[in-house]
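Worksheet: the structure to be examined is printed underneath.
Every number in this text was worked out from the coordinates using simple rules, so none of it is lab data. Treat the numbers as computed from the prediction; the structure is a model and nothing was measured. Don't worry about glycine lacking a Cβ; one is built from the backbone with ideal geometry, like all the others, and counts go over all protein chains shown.
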Amino acid sequence: RCTTMQQFKAQTCAIGMKPLMIFNGEAFNQNEDLVRLKSILLDFFRGEAADKVSLKGLEYVITVTAGPAGANGETGLVFLRTYTTTLKKSGTRQPRVELEEMGPSLDLRVRRVRQPTDDMWKQAIKMPRELKVVKTKNISRDGLGDKYGRIHVGKQEINKIQTRKVKALKKHLDDKPGKRQKTSDDMADSD
């Protein structure tokens, strides 16, 4: 069964928006065929990776639900539904999110599965060396893209550093018992 977007009266979302993908059912983690289907759907709808999502930026949701398995062990139906989101006032800080079906709506059955060999599968999922991110130690970036580095310096012994010999920096001038420098208090006493 297939229902197109034109058959629904709901509003559609903007082009290029990233959907929220929801997979319902334990079969997506247990059945080998549905694990591969989940991987294909995620690759097909994948956009940029996001750590946090704002509710205002979430425009549509795609749910994929695994139906019950058949009597002879075959995979059941897979229901793919697409919804738009609308935010309503809820009386709390978080708004109430309502879903309205916008289409397409598909009822799918997994048939004619031909699994690749292990060597071919490893070669297909292998990431090229150019795309691998090389982690550099002690270097980080902030939100604006500025690069920060952490430098580790060993203990420094300032007393052993060779410096210019300036009389003002020598310690032993004040320590001589015979010569005492006059202070402002001594000058006031002699007057």
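Taking only the Cα atoms of segment 1-159, the radius of gyration and Dmax are 23.0, 85 Å.
Which shape class applies to segment 96-144: rounded if a/c is under 1.5, otherwise prolate when a/b exceeds b/c and oblate if not, where a ≥ b ≥ c are the square roots of the Cα gyration tensor eigenvalues? Oblate is the answer for segment 96-144, as a/c is 1.5 or above yet b/c matches or exceeds a/b. Calculated FRET efficiency, S39 and H152, Cβ-Cβ r, R0 35 Å, to nearest 0.05? That pair, S39 with H152, gives E of 0.25. Rounded to 0.05, the FRET efficiency of the T4 and L99 pair, given R0 = 22 Å and the Cβ-Cβ distance, is 0.75. In the frame of its principal axes, segment 3-46 has Cα extents of 36, 21, 13 Å, reported largest first. Once a ≥ b ≥ c are taken as the square roots of the eigenvalues of the Cα gyration tensor of segment 63-153, is the result rounded (a/c under 1.5), prolate (a/b larger than b/c) or oblate (a/b not larger than b/c)? Oblate, because a/c is 1.5 or more while a/b does not exceed b/c. All other residues whose Cβ lies under 13 angstrom from that of L106 are scored, Lys and Arg at +1 and Asp and Glu at -1, for a net of +1.
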